[in-house]
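Each reported figure results from applying straightforward, stated rules to the coordinates on display, with no laboratory input. Bear in mind the structure is a predicted one, so any value in this text is a computation, not a measurement. Cβ placement follows ideal geometry from the backbone for every residue including glycine, while neighbour counts extend to all protein chains displayed.
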Amino acid sequence: TKNMGIKFTPTEDFALDMYCDADFAGLFGTKDTNNSVSAKSRSGYIIYLAGCPLLWRSKLQTTISLSTMESELNALNAGCRELIPIREVLGEFLNVLDPKKQATRRIHSRVFEDNQSAKQFIQSPKITPRNRHFCVKLHWLLDYFARGDLQILAVDTKSQHADVFTKPLGPGLFPTLRHMIMGWWKPDEEIESSKE
C-alpha cells in the first residue's frame, strides 16, 4: 500500500500555476428547473506555487452562461482574479529578498485548461456580436496573456485537477485527482494508473 502521508515536493521552477475548470449548468435536471440556480455553472480552480497547492475554490457562477465556452471563460476569469494579485505580491517579495536579481527574475504562470474553445479564444480572441455579452469583461485578462505574463496550456480532462471542484466524480477519477493535488503520486504514476 502507498504511504498516504502528504509529501509535497516543490519543483525547482518557481512557478505560480493554475488549473481551471467549469461545469456548464451542472445542476440542471437535478434541481428545480424553475429556479435560475439550476441553470448556473460551477467554477473550480486550484493555484499551485512551485508545485504545491496554495489556494483552491469551488463556487457557483453569479451569471448564467449560455455555452460551455462561456462558462469555462467565466471560471478562467474568476481564477485569474485570484492568480494575478498573488503574482504581484510574490514579485514584490522576491524583489525585496533578492533585489540584485530583480531585472532578470520572472515568475512563470501557466494556466491549464481542458476546453479547447476557451483556450483558442484566449490565444486569438475574436469578439463577435454573438459573444460580446461576455467577452467585453475579459479584455483586462486578455492583456496578461498577450504580454506573456500568463500562458494557457491544454490539459487532458483526466488530468484536470480542478475537476474535483466542479462536479461529483466516479470512484476511478476522484482518488486519482485527489492524489495529484495532494502530491501523493508523481504525474507519471497518475498517467499509468489511469490507463489501467
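Could you list the chymotrypsin sites (Phe, Trp or Tyr not before Pro) in region 5-96 that lie in coil according to DSSP, counting only those with at most 16 other Cβ atoms within 10 Å of their Cβ? Could you put the intermediate results ahead of the total?
Numbers: sites: PHE8, PHE14, TYR19, PHE24, PHE28, TYR45, TYR48, TRP56, PHE93; in loops: PHE8, PHE14, PHE24.
Here the sparse-neighbourhood loop sites are PHE8, PHE14.
Quick query: amide H of ALA15 versus all other amide H atoms, modeled in the peptide plane; which residues come in under 5 Å with a sequence gap of 5 or more or a different chain?
ALA50, GLY51
Once amide H atoms are built 1.01 Å from N in the peptide plane, which residues 5 or more positions from GLY26, or in another chain, come under 5 Å H to H?
HN-HN under 5 Å from GLY26: ARG42.
Applying 1/(1 + (r/R0)^6) with R0 = 35 Å to the Cβ-Cβ distance of LEU55 and HIS133, what FRET efficiency is obtained, to the nearest 0.05?
Between LEU55 and HIS133 the formula returns 0.75.
Measure off 7 Å from each Cα along the Cα-to-Cβ vector at GLU92 and SER117, then give the distance between these two points in nanometres to one decimal.
Rounded to a tenth, the inter-label distance reads 3.9 nm.
Which distance in nm do the two modelled labels at ALA146 and ARG178 give, with both placed 7 Å along the Cα-to-Cβ direction?
Roughly 4.4 nm, to one decimal.
Any chance you could check the Cα centroid distance between region 14-32 and region 134-168 for me, in angstrom?
Measuring centre to centre over Cα atoms gives 11 Å.
Can you list residues from other chains, or at least 5 along the same chain, whose modelled amide H is less than 5 Å from the amide H of ILE152?
Excluding prolines and chain starts, which carry no amide H, the hits are VAL111.
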